[in-house]
Amino acid sequence: MQQLGFEGMPQRLYVCTPTRLSTWLDCPRRYRMTYLDRPSPGKGPPWGHNSLGASVHNALAGWWRRPREERTVPAAGDLLERGWIDEGFADSAQSARYRRWARRLVEAYVAGLDPADEPVGVERTVATRTEAIAVSGRIDRLDERRGPDGSSELVVVDYKTGRHVLTVDDARTSLPLALYALAAERVMRRPCRRVELHHLPTGRVLAWEHSAESLARQLRRAEDIAAECAAADERFRGESSSGPPGRPDDEAFPPRPGSWCSWCDYRAHCPEGSAASEPRQPWDGLSAETADHRATGSPPIAV
């Protein structure tokens, strides 16, 4: 039943994160299972590559939170060791190998940083809203740099530890990075146009300088995706509150099956995804050789 509206009433904002919008783009069925189904379907076991990525992110965040004089290279390695997430590995020996590799990774990365170059934010949550959406997200690191004209500007830094080979296009087209920049600019009331992907395994920095126009395009893109999500959410709620219980309508939440379904947490609950992909072990997303920083291959979702 359609609710009656009143002329002049403000439109309800769609509350979201960049991850929620990206999940809808990747697969509406996974979106439904993640955000709408209650109780939500059980996930598969933890992934080793996610454990590694989270351990590295946590160590770097902890390093910046230490007093300036304690931001040493060995301190970063110690934080990695103490916070190591031992899930998703084949056995304790494999976990130990990747822990040693990850320690070298964070130590090599912080060796190139200036401990006195204080970030504006670490694991900083930013948010903004338009007439259609209220979006929020957490930035790995928010730096302050000097622009070409000498003025101060903010830079969004996102750490990556996956084996996927990144390009500048990954930074240019990233919807989350653009929304982080836009939100940071509005929250901090300072220019924020540059976004950077720091790929620790290769030591590369993939950067893109947005314009006001390109950020506006990404915001319109987010609003368009959010409108699709809101319509699907409303349909889901309507079907859940009327008629006999049953499988939600696949017209609203169609699967998008492919080989990438191997990495989906909900693969066991999706016949189409299971048929389109091979099962994966939790450690299959890790590089075949931890010492090889150039490893490539069909990547998991990079952290």
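Details
- Hey, Thr128 free of Cβ contacts under 8 Å to residues at least 40 places away in the same chain and β-branched (Val, Ile, Thr) or not: no
- Flag: Ala61 matches the condition of being of a type outside the set (D, E, K, R) and in contact with a strand residue (DSSP E or B) (Cβ under 7 Å, 6 or more places away or on another chain).
- For the range 111-155, the set of residues classified as in a loop (DSSP other than H, G, I, E, B) and within 30 Å of Cys16 (Cβ to Cβ) consists of Pro119, Val120, Thr130, Glu131, Ala132, listed by residue number.
- Inter-residue pairs, beta-carbon under 6 Å, first in a loop (DSSP other than H, G, I, E, B) and in the range 41-63, second modelled with pLDDT of 95 or more and among the hydroxyl-bearing types (Ser, Thr, Tyr), 6+ apart: Pro41/Tyr266
- Scanning the range 142-162 for residues that are in contact with a Leu (Cβ under 8 Å, 6 or more places away or on another chain) and either modelled with pLDDT under 90 or open to solvent by less than 10 Å² (accessible area, probe 1.4 Å) (or both), we see that the one that is farthest from Gly48 (Cα to Cα) is Leu154.
- One residue from Gly53, Gly83, Gly44, Gly88 being within 30 Å of Phe253 (Cβ to Cβ), modelled with pLDDT of 95 or more and over 18 Å from the mean Cα position of the chain (by Cα): Gly88
- Remark: Asp265 falls outside the filter, which requires a residue to be modelled with pLDDT of 95 or more, touching a Phe, Trp or Tyr at 6+ places or on another chain (Cβ under 9 Å) and more than 21 Å from Tyr35 (Cβ to Cβ).
- Of the residues making up the range 167-190, those that are at pLDDT below 95 and assigned to a loop (DSSP other than H, G, I, E, B) number 2.
- If you check Ala171, Ala207 for being surrounded by fewer than 18 Cβ atoms within 10 Å (Cβ to Cβ) and farther than 22 Å from Ile133 by Cβ, only one passes: Ala207.
- Scanning the range 94-111 for residues that are open to solvent by 50 Å² or more (accessible area, probe 1.4 Å) and either more than 17 Å from Arg68 (Cα to Cα) or without any contact (Cβ under 8 Å) to a residue 24 or more places away in the chain (or both) returns Arg97, Arg99, Arg100, Arg103, Arg104, Ala108.
- Comparison of Pro67, Pro28, Pro41 shows that the only residue that is buried (at least 18 other Cβ atoms within 10 Å of the Cβ) and over 16 Å from Trp283 (Cβ atoms) is Pro28.
- Unmet requirement for Tyr35, which otherwise passes all of (1) within 15 Å of the chain's Cα centre (by Cα); (2) hydroxyl-bearing (Ser, Thr, Tyr); (3) surrounded by fewer than 23 Cβ atoms within 10 Å (Cβ to Cβ): (1)
- In the range 176-209, the residues that are in contact with a Pro (Cβ under 8 Å, 6 or more places away or on another chain) and within 23 Å of Val56 (Cα to Cα): Pro176, Tyr180
- Tabulated pairs, the range 22-35, first closer than 17 Å to Leu179 by Cβ and in contact (Cβ under 8 Å) with a residue 24 or more places away in the chain, second open to solvent by less than 50 Å² (accessible area, probe 1.4 Å) and of a type in the set (A, V, I, L, M), C-beta under 8 angstrom, 6+ apart or interchain: Ser22/Leu175; Trp24/Ile225; Trp24/Ala232; Leu25/Ile225
- In the range 135-160, the residues that are within 18 Å of Val205 (Cβ to Cβ) form Cβ pairs under 9 Å with partners that are aromatic (Phe, Trp, Tyr) and part of a strand (DSSP E or B), at six or more places apart or across chains, as follows: Asp140/Tyr159; Arg141/Tyr159.
- You will find that of Asp86, Asp78, the residue that is open to solvent by 40 Å² or more (accessible area, probe 1.4 Å) and in a loop (DSSP other than H, G, I, E, B) is Asp86 and no other.
The values are calculated or read from the model by the stated rules, or taken from the named source; none is laboratory data. Note that this is a predicted model, so its numbers are computed, not measured. Positions of Cβ are backbone-derived with ideal geometry, glycine not excepted, and every protein chain shown enters the neighbour counts. What goes into the accessible areas is simple: the full protein's heavy atoms, side chains included, and nothing from ligands, DNA or RNA. Shrake-Rupley method; radii C 1.70, N 1.55, O 1.52, S 1.80 Å.
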